[in-house]
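Have a look at the structure below, then the notes.
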Amino acid sequence: MVALALSDSAREVFTGLATLRRATRPELAAACGLSKPTISAAVAELEALGLVERNGTAHGATGRSAAVYRLGPAAGYVLAVDRGSTQVAYRAVGLDGRLLDQDHTDEPDAARTMVRTALRRRTRSGPLRAVVVAVSDVVTPEGRRGDPAVDQRIRAAVDGLGLPRGASVRAENNVNCAAVAELHAGTSGSRDTFVYLQVGVGIGAGLVVNGRLVRGVNGAAGEVARLAYPWVDDQAARPDALEARLGSPGLLRRARARWSAGHGPVPDSAATLFELADRGHPLAGELVAEHSGEVGKLAASISAVLDPGLIVLGGGVGGNPLLTEGVAATLTTLSWPTEVAVSRLGEQATVLGATHLAREQGVLAATLTAV
């Protein structure tokens with residue numbers, strides 16, 4: 001890589017084309033607010049560096065034609081990795097969002113092999129501009145001192161992927177990534193303030209206010225597992241006690257404690273419990289209703305602080321529609337009007353959000369360096 005000094009107009013055009021994917025010069029002029037001569041000069045500058053290339057011709061209603069442009073081979077690509085504890089997924093995309101490759105594995109130990117294979121397949125895709133790795137820990141902002149054990153765990157998770165030495169790699173909390181995906185391609189629609197509430201093995205929230213992800217001073221905004229719980233006279237609150245209650249292991253412990261031989265086989269997963277409830281199993285339905293109410297109390301607590309107007313439920317448990325009714329009913333009782341919706345992105349939310357963040361980082365990098 002060598003440093004480049006792209007003109008400001010070339011940077012604007014490159015960024016605009018990354019958003020539009022394909023565009024003519026008049027379309028770029030309208031999108032970037034630049035004059036036609038300035039657009040022509042910027043496109044010529046980018047073409048000479050291989051950052052932009054012609055990709056066909058567009059014909060107008062008057063019969064006139066115009067060259068269509070897209071990002072060129074030197075623009076490169078980015079990689080997004082969802083480094084979960086039970087599965088790992090990745091997406092490789094061009095800076096314009098074109099999907100180049102994707103895969104996942106349910107064997108986290110195979111993540112390194114999967115990612116290295118993906119990188120070998122991208123040898124003709126130009127430079128790797130940025131990598132974003134979604135992790136389940138709090139990612140401390142640069143310049144702040146985090147928990148050494150957590151920082152080491154994040155480094156180990158990233159290093160274990162076998163990414164190229166010198167690659168621009170950034171870690172981000174997985175729930176924050178999912179919230180970013182909801183903002184740009186999810187259930188939130190045109191809403192720019194909402195909370196993405198993930199309920200699964202653990203719990204977490206991604207906070208989006210006025211179209212921006214709120215990370216907090218320590219990177220821990222939305223770490224609802226740390227809410228004080230229980231809040232009663234005869235029991236001391238403990239870190240992560242609420243997560244132990246609302247995570248799927250806690251739900252299954254309560255199910256086992258109340259299950260008897262007459263109820264049939266004990267559910268071995270939250271998914272099985274919800275399936276039984278959906279089929280009308282009385283005790284399963286009772287347990288799911290109770291759990292929905294408790295998640296609703298958490299949602300009401302979040303609403304009392306942020307008043308987001310919309311809570312999007314996601315995660316292995318939170319994404320189940322059976323949870324929605326109880327959460328909404330509890331919010332109605334304890335809070336002011338707050339819409340509740342189920343994420344339509346499902347398990348893809350985290351890797352999709354990481355992809356968006358990687359593209360943002362990659363577009364910036366491409367305007368500063370080139371092969």
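The long axis of helix 148-159 is offset from the longest Cα principal axis of the chain by roughly 50 degrees. Of interest is the spacing of the C-alpha centroids, which for region 92-126 and region 68-83 amounts to 12 Å.
For the Cα atoms of the chain, what angle does the longest principal axis make with the long axis of helix 8-20, in degrees from 0 to 90, nearest 10? For 8-20 against the chain, the angle is about 50 degrees. Along the charge dipole of region 188-344, which of Leu242, Ala299, Leu287 sits closest to the positive end, that is, farthest toward it, with unit charges on the beta carbon of Lys, Arg, Asp and Glu (+1, +1, -1, -1)? Result: Leu242. Dipole magnitude for the chain: about 1260 debye, using +1 per Lys or Arg Cβ and -1 per Asp or Glu Cβ, origin at the Cα centre. For the chain, the mean residue ellipticity at 222 nm estimated from helices alone is -13000 deg cm²/dmol, where every DSSP H run of n ≥ 4 contributes -39500 (n - 2.57) and the total is divided by all residues, rounded to the nearest 500.
Ordering of 73-80, 32-39, 283-290 by packing is 73-80, 283-290, 32-39, highest average first (other Cβ atoms within 10 Å, averaged per residue).
Packing order of peptides 148-155, 114-121, highest average first: 114-121, 148-155 (average count of other Cβ atoms within 10 Å over each peptide's residues). Per-peptide packing, taken as the mean over residues of other Cβ atoms within 10 Å, places 165-171, 233-239, 268-274 in the sequence 268-274, 165-171, 233-239 from highest down. Axis of helix 248-258 versus longest Cα principal axis of the chain: the two differ by about 20°, to the nearest ten degrees.
We did not get these values from a lab; they are worked out from the coordinates using the rules stated. Since the model is a prediction, treat every value here as computed from it, not as a measurement. With ideal geometry, Cβ positions are generated from the backbone for all residues, glycine too; neighbour counts draw on all protein chains shown.
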